[in-house]
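Read the structure below first, then the notes.
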Amino acid sequence: MNIVLLGPPGSGKGTQSRFIVNRYRLNLVSLGLILHKKSLEKNSSYNLINNYIKTGNLVNNKIIYNNLKNYFLNNNSLIGYIFDGFPRNLEQAKFLKFININYVIEFVIPDRVLIKRLLGRRIHLKSGRIYHLKYNPPKVKDLDDITGEKLVFRKDDNLRVINNRLKIYKDELFKLKNFFKIYNFKKNNGYYIIDACKNINDIYTNIISIIG
Ligand code: AP5
């Protein structure tokens, strides 16, 4: 089974994809997480990727494909994949022609709600575990529940960059929706829209009711 989660920044894709991975034993494909980790490494791609992330612009497709290729070489799954925030544009969507996508789930949420979420987000960088100061706090303030290591801000979680990320998402969404409108889904599979304003558990229940 292969699932795509589409949604603006802060809509909860990362949070939900981790639950879904655990429940269905899918492999998580999160280019955001891969790129954030790369942006911390001091190698040749560091500056380039870091510049994209810091401004909120989409990383160019060539870098995305190389990272995807590497990911699939090292993370082969017989059960399937969940794509968190991929594809981001039409060019990337064409890659999915080689994969049978069962479900696309679009998260819909007003800007003011997601901005509150992003400004209160903290993450554990090594694992990608996601917290929120108020809505999903760690057991001990500012520390990761599992390792006890310090939680950090994401460098792209500030208002100026959030606005750019949002604009890019909205610009590409229409084209992506058109792509999936004519996508050849199998019977009982398809494109679903969910209300991402609900609390984390209700959204999870909603997603499970779709996937089964
Ligand atoms: P990426 O890391 O994928 O960022 P994003 O798509 O902007 O999404 P976010 O991770 O910000 O939000 P989310 O929807 O996962 O929300 P989360 O669950 O964390 O990408 C970062 C950058 O990498 C991009 O800008 C781009 O530069 C590059 N990139 C990535 N993929 C790319 C691609 N394919 N092509 C080109 N470039 C690419 O939740 C947010 C907060 O809300 C958390 O604090 C969480 O605890 C809280 N929360 C979650 N759900 C709820 C809820 N229901 N109620 C209350 N709080 C909640």
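Residue separation of Asn61 and Lys150 scaled by 0.36 nm, minus their Cα-Cα distance, works out to 28.8 nm of gained length. Label the stretch 137-212 by shape, choosing from rounded, prolate and oblate, from the square roots a ≥ b ≥ c of the eigenvalues of the Cα gyration tensor; if a/c is under 1.5 it is rounded, and otherwise prolate applies when a/b is larger than b/c, oblate when it is not. Taking the square roots of the gyration eigenvalues as a ≥ b ≥ c, the stretch 137-212 is oblate. How high is the FRET efficiency between Val140 and Cys197 when r is their beta carbon distance and R₀ equals 22 Å, given to the nearest 0.05? Calculated value: 0.20. Between the beta carbons of Ile210 and Lys42, assuming R0 = 41 Å, the FRET efficiency works out to 0.45 to the nearest 0.05. A protection proxy built from the mean count of other Cβ atoms within 10 Å ranks the segments 73-80, 118-125, 204-211, most packed first, as 118-125, 204-211, 73-80.
Radius of gyration over Kirkwood radius for the stretch 71-143, both on Cα atoms: the Rg/Rh ratio is 1.05.
When +1 charges are put on Lys and Arg Cβ atoms and -1 charges on Asp and Glu Cβ atoms, the dipole computed for the chain relative to its Cα centre reaches about 180 debye. Computed as a quarter of the hull surface, the mean projected area of the alpha carbon convex hull for the stretch 1-104 stands at 6.7 nm².
For the chain, a Gaussian network of Cα nodes joined below 10 Å ranks Pro138, Pro87, Pro110 by mean-square fluctuation, and the top entry is Pro110. All Cα-Cα distances of the stretch 131-176, cut into 10 Å bins from zero to the largest, leave 23, 32, 26, 17, 1 percent in each bin in turn.
Diffusion coefficient (Stokes-Einstein, Kirkwood radius over C-alpha pairs, 10 °C, 1.306 mPa s) for the chain: 89 µm²/s, rounded to a whole number.
Just so you know, all these numbers are worked out from the coordinates, no wet-lab data involved. What you see is a predicted model; the values in this text were computed from it and never measured. When we count neighbours, we look across all protein chains shown, and the Cβ atoms used for this are built from the backbone with ideal geometry, even at glycine.
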